[in-house]
């Protein structure tokens, strides 16, 4: 009798989460996809099937072949920014997680130092992002300090409202999303495996590459998914720190929304979701994430 009830109990336990997932993810996603195939004019949406939103997005691409049209350049710029942020957050996050997992031997201090990493999250993302402006501005602390030391003759213009500022702010905002999953994977590594590698004559670098990194791969993949999905859709940080001069897929959607072109904005959102899904699918093939969640 128990064997017949077990599947039903499992479905009942998963029911509330499935309902929340359906109401707050699947249903809104279905609305976005549906609206992306609606027609529109200057002031309203017209509920009739059309691919105009997608056609307007890629308008002129064929005429510019073999070069890249504006929309493709925008998506490439978004992917480039995402890659730079992912790479830097991975290097920083892996280093911090490695220090906490292997150089801090007290569980208490591991918890304390992990909590210290959360302190920036006690304030909003907007405040933490804007805090860089008085540091990086033409008359900011960095330029004044460099001028005072005689390291430069004139203020550095590229520190603020540039790609550098955007990447710096995004790395600052989202590195924590890389630290936690990697640290969670590293603390599960059996220390006897590391000791066995050293006993077998492996160097520190060999142990890192052949033991620690492969075993920490699930955390690396999960952290990468967190960072990539957030950065791909970001438009506030890119707009503010880029001085509204750097194009991105998220910024393009915002412009469409401000122009009340909701079907075109929905079409761009679907395209961005598709690109992000392809990246996540490729990452998911590296490890079975379901075993880690």
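Regarding residue 180, is this residue under 30 Å from residue 37 (Cα atoms) and out of contact with any helix residue (DSSP H, G or I) (no Cβ under 6 Å at 6 or more places or on another chain)? Give the derivation first.
Details: under 30 Å from residue 37 (Cα atoms): no; out of contact with any helix residue (DSSP H, G or I) (no Cβ under 6 Å at 6 or more places or on another chain): yes.
For residue 180, the condition - under 30 Å from residue 37 (Cα atoms) and out of contact with any helix residue (DSSP H, G or I) (no Cβ under 6 Å at 6 or more places or on another chain) - is not met.
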Which one of 164, 177, 183 is more than 30 Å from residue 248 (Cα to Cα), within 20 Å of the chain's Cα centre (by Cα), assigned to a helix (DSSP H, G or I) and modelled with pLDDT of 85 or more? 183
Complete set of residues in segment 150-161 that are touching a residue at least 12 places away in the same chain (Cβ under 8 Å), in contact with a helix residue (DSSP H, G or I) (Cβ under 7 Å, 6 or more places away or on another chain) and in a helix (DSSP H, G or I): 159
Using the structure shown, decide if residue 47 is farther than 30 Å from residue 69 by Cβ, exposed (fewer than 15 other Cβ atoms within 10 Å of the Cβ), free of Cβ contacts under 8 Å to residues at least 24 places away in the same chain and more than 27 Å from the chain's Cα centre (by Cα). no
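Can you tell me how many residues within segment 195-221 are over 31 Å from the mean Cα position of the chain (by Cα) and at negative phi? Please lay out each step first, then the result.
Going residue by residue through segment 195-221, those that are over 31 Å from the mean Cα position of the chain (by Cα) are 195-203.
Subsequent filtering for residues that are at negative phi retains 195-200, 202-203.
Final tally of qualifying residues: 8.
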Might you check whether a residue that is at pLDDT below 90 and at positive phi occurs anywhere in segment 253-263? yes
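The values are calculated or read from the model by the stated rules, or taken from the named source; none is laboratory data. Just so we're clear, the structure is a prediction, and the values are computed from it rather than from any experiment. Neighbour counts are summed over all protein chains in view; Cβ atoms, including those assigned to glycine, are modelled from backbone coordinates with ideal geometry.
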